[in-house]
Amino acid sequence: MSGEKMETKSGEDIDLNTQFEAGPGEEVEISYSVQIPTKITRILVNSECSRYFVFTGIRCGVNSQMEGPDPVPAFVLSHQRINFEALSPGQIFAVRVKNVSGSPRKFLGKAETLIPKGW
């Protein structure tokens, strides 16, 4: 899929909500195995929790999508269009977030996707 221009349509959102609270300073990885060709176009973070988390890692397949080693505040990345690598069936999309607040909190977010027409 890389390098090819394909006709796309909106795919289903990928749920990035944690099922439990991350403690203060705790990092949590949320991962999803795609079943059809998928391109992540945006990560949306709940506005109430975005100030309490930073992204410490974002991965499409085996490749990091972070531009540097420093964490990115969730509110900075949220709602921005992103140009991540396309994923093939069976590849993993994963985000690693860290709770930077002084209290346990759940991470609430989703990833918007595009898929090839016909899927």
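No value in this document is a laboratory result; all are computed from the given coordinates. What you are looking at is a predicted structure, and each value in this text was computed from that prediction instead of being measured.
Taken over the chain, lysine pairs spaced eight or more positions apart, or on distinct chains, with alpha carbons under 14 Å apart number 7. Over segment 1-98, Cα pairs under 8 Å with separation of 6+ residues give a relative contact order of 41 percent. Of all DSSP bridge pairs formed entirely within segment 8-108, close to 100 percent run antiparallel.
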